[in-house]
Amino acid sequence: MPQTSPKAPERARWHRRFAAASILAALSVLALTACDAKDKQTATNASHVRVEAAAMTSDVVRASATGEIKARVEGDLSFKISGRVISRTAGVGDHVRAGQVLATLDPTEQKADLESAQAAVASQEATLRMTSSVLARRKALTRTGAMSQQNLDSALQEYQSAEKDLVAARAELETAMEALQQTELRADADGTITARDVETGQVVQASTTVFTLAHDGERDAIFNVQESALSGKTAPLSLEVALVSNPTVRALARPREVSPALDTSLGTVRVKLSIIDPPPEMTLGSAIIADVVLDRRERVSIPWQSMFSKAGRPAVWVVDPETKTARMKPVVIERYDASKVVLADGLQDGELIVVDGGQFLRENQSVSYSEESTR
């Protein structure tokens, strides 16, 4: 009977262990190969996009309008009497002083009236002296009984009538003197002539505008503003005006008056701004532009090309930097600017948004991008 070697079972167990280890090694190799293939397939399916980090920036809402500088007080100057203009000593742009003669009417008629009034006063003064002398004599005779009381009363009435006539004559004289003075048109304040409507030799009627005088002092900026621009309920944060010809010449301003009437032909409303400490370069009639800051707050602005739509609502593609996958996120738009879309809500500071290549993406798709674009 043959005998079995004691080492045979041990060899069998060794062979079985070796075979199992070989099978495990082969399976591991197959698993690693499958993972590599999957990774290669994933890398192949990832879309390359250009991303940008959303950043909160100061969003300033501005408005502007163009107008002109005018005097706070501006008045029309005119003669109070009719006549022919014989001289004009001021023109548009001249600076005049209060009381300065600007134009003169032909005073021939007024001088004749003055001489007549002076003669009437002299006559009435003589009459008054005569009636006064008569009254004094009759008083003396009445005291001695040589004249009746009736004669005295008659002399008294004549004296009183002469007094009244003298008062009336003197009033006529004052009127004639004033009429002569009215033949000279004088400036009623220091200021600048902004308009002239009468020439020498022209016959003018009383109250016809001859000059327009802009008084020295405070200046206003006048604008014609679209009615829709005044619909805001809050006051502007800041308001500045600058010369169109030289924008470096600037000054602060504040609203002073808004016309309640609408210009139906233009659809505009007249707005007056009070200029605070205007520089000397801001002269009357200068073209001026207003720079108005209506609102200022921190908001996210994104490029136009990053905008998409999700279920009819504005949305953007955002990228998760951990998983390198893209998903569409709804946003709320505040307004559209020339080069940016300003958002009211939807994005946080630092979120990565797709600004190029988003048209080829689908939800939760893997993406690749340059790390430099996120800095």
Review point. Taking the condition of a type in the set (Ser, Thr, Tyr), touching a residue at least 12 places away in the same chain (Cβ under 8 Å) and open to solvent by 80 Å² or more (accessible area, probe 1.4 Å), does SER339 pass?
Key: yes
**Study point:** Condition met for VAL293 (surrounded by 14 or more Cβ atoms within 10 Å (Cβ to Cβ) and over 15 Å from GLU68 (Cα atoms))
**Key:** yes
Exercise for review: Write out, first by first residue and then by second, each pair whose Cβ atoms fall under 7 Å of each other, whose residues are 6+ apart or on separate chains, and whose first residue, in region 124-145, is more than 10 Å from TYR159 (Cβ to Cβ) while the second is at pLDDT 90 or above and open to solvent by 60 Å² or more (accessible area, probe 1.4 Å).
Suggested key: GLN124/ASP165
Practice item. Could you check, for region 146-159, whether at least one of its residues is under 30 Å from SER87 (Cα atoms), open to solvent by 80 Å² or more (accessible area, probe 1.4 Å), out of contact with any Pro (no Cβ under 8 Å at 6 or more places or on another chain) and in contact (Cβ under 8 Å) with a residue 24 or more places away in the chain? Key: no
**Study point:** Single unsatisfied condition, GLU281 versus (1) open to solvent by 20 Å² or more (accessible area, probe 1.4 Å); (2) of a type outside the set (Ser, Thr, Tyr); (3) at pLDDT 85 or above; (4) touching a strand residue (DSSP E or B) at 6+ places or on another chain (Cβ under 6 Å)
**Key:** (4)
Review point. Is there any pair with a first residue in region 353-375 that is under 20 Å from VAL341 (Cα atoms) and a second that is at pLDDT 80 or above and of a type in the set (Phe, Trp, Tyr) whose Cβ atoms are under 6 Å apart and which are 6 or more apart or on different chains, and what are they?
Key: VAL354/TRP317; GLY358/TRP317
Revision key, fill the gap. Among residues of region 202-217 being assigned to a strand (DSSP E or B) and among the hydrophobic types (A, V, I, L, M, F, W, C), the residue farthest from VAL271 (Cα to Cα) is VAL203
Exercise for review: Determine which member of the set GLU163, GLU199 is assigned to a helix (DSSP H, G or I) and more than 31 Å from the chain's Cα centre (by Cα).
Suggested key: GLU163
Review point. Say we look at region 102-122 and pick out the residues that are outside any loop (DSSP other than H, G, I, E, B), under 19 Å from SER207 (Cβ atoms) and of a type outside the set (S, T, N, Q); which of these is most open to solvent (accessible area, probe 1.4 Å)?
Key: GLU109
Review point. So is GLY93 on the phi > 0 side of the Ramachandran plot, in contact (Cβ under 8 Å) with a residue 24 or more places away in the chain and open to solvent by 40 Å² or more (accessible area, probe 1.4 Å) or not?
Key: yes
**Study point:** Residue in region 45-52 that is surrounded by 13 or more Cβ atoms within 10 Å (Cβ to Cβ), touching a strand residue (DSSP E or B) at 6+ places or on another chain (Cβ under 8 Å) and part of a loop (DSSP other than H, G, I, E, B) present
**Key:** yes
Practice item. Could you check GLU363 against (1) open to solvent by 80 Å² or more (accessible area, probe 1.4 Å); (2) closer than 15 Å to ALA46 by Cβ; (3) assigned to a strand (DSSP E or B) and say which number it fails? Key: (3)
**Study point:** Top-ranked residue in region 197-233 [being over 30 Å from ALA290 (Cβ atoms) and not β-branched (Val, Ile, Thr); ranked as most open to solvent (accessible area, probe 1.4 Å)]
**Key:** GLN205
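Within region 296-322, can you find the residues that are of a type in the set (Lys, Arg) and open to solvent by 70 Å² or more (accessible area, probe 1.4 Å)?
Within region 296-322, ARG296, ARG297, LYS310, ARG313 meet the criteria.
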Exercise for review: Show the residue pairs that are 6+ apart or on different chains and have beta-carbon atoms under 8 Å apart, the first residue being within region 98-111 and more than 27 Å from ASP216 (Cα to Cα), the second being open to solvent by less than 30 Å² (accessible area, probe 1.4 Å) and part of a loop (DSSP other than H, G, I, E, B).
Suggested key: ASP106/THR183; PRO107/THR183; GLN110/THR183
Review point. Quick one: would you say GLY350 is in contact (Cβ under 8 Å) with a residue 12 or more places away in the chain and open to solvent by less than 40 Å² (accessible area, probe 1.4 Å)?
Key: no
Review point. For the subset of region 138-157 comprising residues that are part of a helix (DSSP H, G or I) and hydroxyl-bearing (Ser, Thr, Tyr), which member is farthest from LEU128 (Cα to Cα)?
Key: THR144
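The values are calculated or read from the model by the stated rules, or taken from the named source; none is laboratory data. Being a predicted model, the structure only gives us computed values, none of them experimental. Reconstructed Cβ throughout: ideal geometry from the backbone, glycine too, with neighbour counts over all protein chains shown. In case anyone asks, the SASA skips ligands and DNA or RNA and just uses the protein heavy atoms, side chains included. Shrake-Rupley method; radii C 1.70, N 1.55, O 1.52, S 1.80 Å.
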